[in-house]
Each structure stands twice: as C-alpha cells, then as structure tokens.
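In what follows, a structure is listed as structure tokens, so that the remarks can point back to it.
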Amino acid sequence: MVYDVIVVGAGAAGLMTAIQAAEGGLQVLLLEGQKKVGAKILMSGGTRCNVTNKAVSEKDFNSEKIIYVRNILRSFSNTDTIRFFNDLGVELLLEPTGKYFPSTNSGKTVLDALMRKVEVSKITLLVEHKVKAISFNNNEYSLKGDNFHFNGKNVVLTTGGLSYPTTGSDGTGYRLAQSFGHPMIGTDPALTPLTTSDNDLKSLSGITLDVELSLTEDGKKQFSCRDSFLFTHVGFSGPSALDISRHYLRAKGKKMVKVNFIPDHDENSLQTYLAKIQKDIPRKTIRNVLIELMPQRLVDIILKKTGLEADLAMNQLDKTSRLNLICRCVQYPLDVTGVLGYSKAEVTAGGIDWSEINPKTLESKLVPGLFFAGEILDVDGRIGGFNFQWAWASGHTVAQAIIKKQGVVT
C-alpha cells in the first residue's frame, strides 16, 4: 500500500497534521518512535498543557526568517485553535496571564481528544516505529526502520528538536532532513533553567517573585522581559529565566544578566521612594523598608551582599551605601554559569534552515513531497503556549498544502 501521506512523529504538530490531512480525505500513516504519543502534551504547563495564548504574533518567536513564521501563524490563528479544540469537546479557559488551558487543567484531556479524532478519522497510528532512513525514487517515498518498510506519496517530518530527549526528541528528524541535503541552523536548548555558582542565591530556593530580567552583550541590551522568577537549588527558573536562556546561550560577546527585584521601580523612582522614607520615618530600619518590597530572605541576602547591617536606620544610611543598595535591588548582576541544557529545555532554538523550504507550504525545495512542521524548523517561541500554537498552525499549513497537492475534493 502507498499512503497519501506518512507523518513521522506523533507530537502536537504530527497529530494536527495527520488529523487535518485525514479530514481532507487523505490516507494517513502516523509513525511514532516512542511507546506512547504526545509526551510533551502531557508534561507541558505543569501537566496542564498551555494550548495557546490570548495574543500571538511573530514577536513572540525567534527565527532567522521571522516573516515566514508570521505568515504561518496568520493562516491558523489562536482563534482557530480554540475553535478546533472546542469542536473536539475540549473547553479552553483564559487565565489572567493570557494563557489558555483546558478547563480540566489536564493535558490528558487535550491528548485524549486528539487521539479520539485520530481513531475517528481512520488514521493508521503505529507506535514504537522509529524511522531510520527515508529514500525517494520514482515520485514515491520509502521509509524504513527496524522490521518495517512503508511507502508514501508525501512525508511530513514532525519529530521535534532535541529538547526533553526522553520524549523521543533526539535529533532523528534533523538527520533525516540532512540526508536530503537540507541545511541546519545551529541548535541550542531554549526555555531551560539557568545555573549559578552563587551559594547565597541558591539558598533562596523556592522563592518566587515578579522581576524584570535583562541581558546585555558587550554592554548593549539584547533582551529583557518581565515575568515570574524562581530561585532553585541550582540556579534560576520561572518564565523570565526560561525566556532569557536561549538569548544568553546565543550571545557571543561579554554577557551579563541583571535582575530588577522590584520591577515597579527603576533606580530613580526607588531613590525617590527611599528618600521620602528617610525623611518621613528616619528611624525605620533598612530591612523593614525592603521587606515591604521583596521577600524577607532575599532582603537578607541583598543586605549581606552590600555589607549593610539589617538594623541600620534609614537616617544612618549614607549616600554611597544608598546608591549601592538601590543598584543591588533593581540592577542585581546575576552570577549565571550556564543552563541545564536539553534535558530540561522545553524547546529547541535553531533547526532546519528556511532557505530550502517553501515558506507558504513548508514543503522542501530540494525534493517534492517532503514537508516539515513544528519544532524541527528554525522556530522557537517564548513561554506561554506559543510553541504549541506554532505546532497547530504549521501542522494545519502542511496538511492543507498536501490536500491541495493531491487534488482531493473536500
């Protein structure tokens, strides 16, 4: 049997591609190398699965060809995603952060709905079928692995990148694409925790607060974001740290990560705030002033770093010490030694280069009928449901392109 399309990888992008293609009247084979499908759907968002976001644009993503990302996102929007899952019986609820989660707060709800659709759509799904080689002869693809061999008119690589390799993202898709001559943009782990050697900061493990993080390279600001920040026993996590990780890794010059622990203030406004307290409540201790702005344990570490006594009164704080304290509060230089890597990365930066891919259909320019969707491409989004939105949108785009290519009347 020759399938109309063989989708390699049953993650978010693969499931969407297969479902949309089958709905369009195509005979679809979906191959998954792991024992179970949709591992990242089940584990993402703290197992809740952040399906999409209230506002999605190319500004939420990184890529060498961001305009291509924009066009794909516009072809299948967050509204389309919400409608798609509603049709599958999954109610998505909007949280104040702009994130959409299933009303059950369980990624299993999302995966179960997709799997029911796979079954209803009569998609042939085979797990523990890891594709090791693909060849193209006489307008037909041949896919081989251990003890199997399938033929198809079109192939879609939705194998992910290198993040969370235990889920099956081991770079197989990259190797398969490169076997056809597709170039790569170098990869790095993205949305991964930062590490530190500062034991004082490690001692704050478990503390979460809203901060603004900024990255400078050779003195020039390259990236900044404001979001939740978490101290861990090895370094820093939370959305802000995860978002900055790929930029930290890709900075080649002298880099510095600074954190504003009181993001509603900058140096000038904090200076004014402290001066007013110094005038109005001169005997109030520095520690008690700062505890109203930051967690107590963090305040103690900042005072330790600045060499100030906790019981020092505001009227005893000289100008030099005050400026040093302000800098530590809103421009704290984080001792970042690296990142935890692919094992804890939610997504992969870099991937298959856009140069040999049709940006409208995501079809290879090098060999007809070879398509790409999801994380395998040179696209990575910030935290907040954006990478799932890319999976749904790119999967939809590929399916529609194949349906049109095959001339199926829907």
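The values are calculated or read from the model by the stated rules, or taken from the named source; none is laboratory data. On a predicted model such as this, the values are computed, not experimentally measured, just so you know. Every residue, glycine as well, gets a Cβ built from its backbone with ideal geometry; the counts of neighbours run over all protein chains shown. Areas reflect the complete protein model, heavy atoms only, side chains present, ligands, DNA and RNA absent. Shrake-Rupley method; radii C 1.70, N 1.55, O 1.52, S 1.80 Å.
Here, the stretch 9-66 is characterised by an Rg to Rh ratio of 1.05, where Rg is the alpha-carbon radius of gyration and Rh the Kirkwood radius. Taken over the C-alpha atoms, the stretch 1-153 has Rg and Dmax values of 16.9, 54 angstrom.
So if I place +1 on the C-beta of Lys and Arg and -1 on the C-beta of Asp and Glu, and nothing else carries charge, what would the dipole magnitude of the chain be about its Cα centre? I want it in debye, nearest 20.
With only Lys, Arg, Asp and Glu charged at Cβ, the dipole is about 240 debye.
Report the percentage of all Cα-Cα pairs in the stretch 296-410 whose separation exceeds 21 Å, rounded to a whole percent. Distances greater than 21 Å cover 61 percent of the Cα pairs. Note that the stretch 125-199 presents 43 Å² accessible area per residue, ligands and nucleic acids not counted, probe 1.4 Å. For D300, neighbours were defined as the other residues whose beta-carbon sits under 11 Å from its Cβ, and their charges (Lys and Arg +1, Asp and Glu -1) total +3. For the peptides 171-178, 312-319, the ranking by mean Cβ contacts within 10 Å, running from highest to lowest, is 171-178, 312-319.
Taking every DSSP bridge with both residues inside the chain, close to 75 percent are antiparallel. So I have (1) 56, 51, 49; (2) 60, 42, 31; (3) 84, 43, 35, and one of them is Cα extents along the principal axes in Å calculated from this model. Which one is it? This structure yields the entry labelled (3). Per-residue SASA remark: M294, around 10 Å² accessible (1.4 Å probe; ligands, DNA and RNA not included).
Across the stretch 386-394, computed HN-Hα scalar couplings (Karplus, 6.51 cos²θ - 1.76 cosθ + 1.60, θ = phi - 60°) run 6, 5, 5, 4, 5, 4, 5, 5, 5 Hz from first to last residue, x flagging Gly and Pro. A simple spin-label model places the labels of K54 and N288 3.9 nm from each other, with each point 7 Å out along Cα-to-Cβ.
Using a 1.4 angstrom probe, figure out how much accessible area the stretch 217-320 has per residue, in square angstrom, rounded to the nearest whole. Each step should come with its number before you reach the end.
Details: 5560 Å² over 104 residues.
Value for the stretch 217-320: 53 Å² per residue.
Using a 1.4 Å probe on the protein chains only, how many percent of the accessible area of the stretch 1-155 belongs to carbon and sulfur? Spell out each step's value before the answer.
On the way: 3450 of 7400 Å².
On the stretch 1-155, the fraction of accessible area on carbon and sulfur atoms equals 47 percent.
With n ≥ 4 as the cut-off for DSSP H runs, can you work out [θ] at 222 nm for the chain, using -39500 (n - 2.57) per run divided by the number of residues, rounded to the nearest 500? If you can, show how the numbers build up before the last one.
Details: 13 runs with 139 residues, N = 410.
Calculated from helices alone, the mean residue ellipticity at 222 nm is -10000 deg cm²/dmol.
Across the stretch 341-351, computed HN-Hα scalar couplings (Karplus, 6.51 cos²θ - 1.76 cosθ + 1.60, θ = phi - 60°) run x, 4, 4, 10, 7, 7, 7, 10, 7, x, x Hz from first to last residue, x flagging Gly and Pro.
Leaving out ligands and nucleic acids, note down the accessible area per residue over the stretch 1-40 with a 1.4 angstrom probe, in whole Å².
Numbers: 1160 Å² over 40 residues.
Result: 29 Å² of accessible area for each residue.
Put a plus charge on the Cβ of each Lys and Arg, a minus charge on the Cβ of each Asp and Glu, and nothing anywhere else: the dipole of the stretch 75-212 about its Cα centre is then about 700 debye. Straight-line cross-link partners of K117 among the aspartates and glutamates, defined as a Cα under 12 Å from its Cα and at least 8 positions apart when in the same chain: E23, D87. The peptide list 276-285, 359-368, put in order of mean Cβ contacts within 10 Å with the highest first, becomes 359-368, 276-285.
Quantify, in whole percent, the carbon and sulfur part of the accessible surface of the stretch 216-375 (1.4 Å probe; protein heavy atoms only).
Numbers: 3610 of 7470 Å².
The C+S portion of the solvent-accessible surface of the stretch 216-375 is 48 percent.
Each residue, N324 and D266, gets one label point 7 Å from its Cα in the Cβ direction; the gap between the two is 2.5 nm. The smallest convex shape that holds all Cα atoms of the stretch 79-211, its convex hull, gives 212 Å³ per residue.
Mind ranking 346-358, 131-143 by how tightly packed they are, going by the mean number of other C-beta atoms within 10 angstrom, highest first?
Highest to lowest by the protection proxy: 346-358, 131-143.
For the residue pairs K202/K279; K122/K144; K65/K254; K220/K305; K36/K144; K99/K344, alpha carbon separations beyond 30 Å are given by K202/K279. Less than 5 angstrom separates the built amide H of L30 from those of V7, T124, L125, L126, all sequence-distant by 5 or more or on a different chain.
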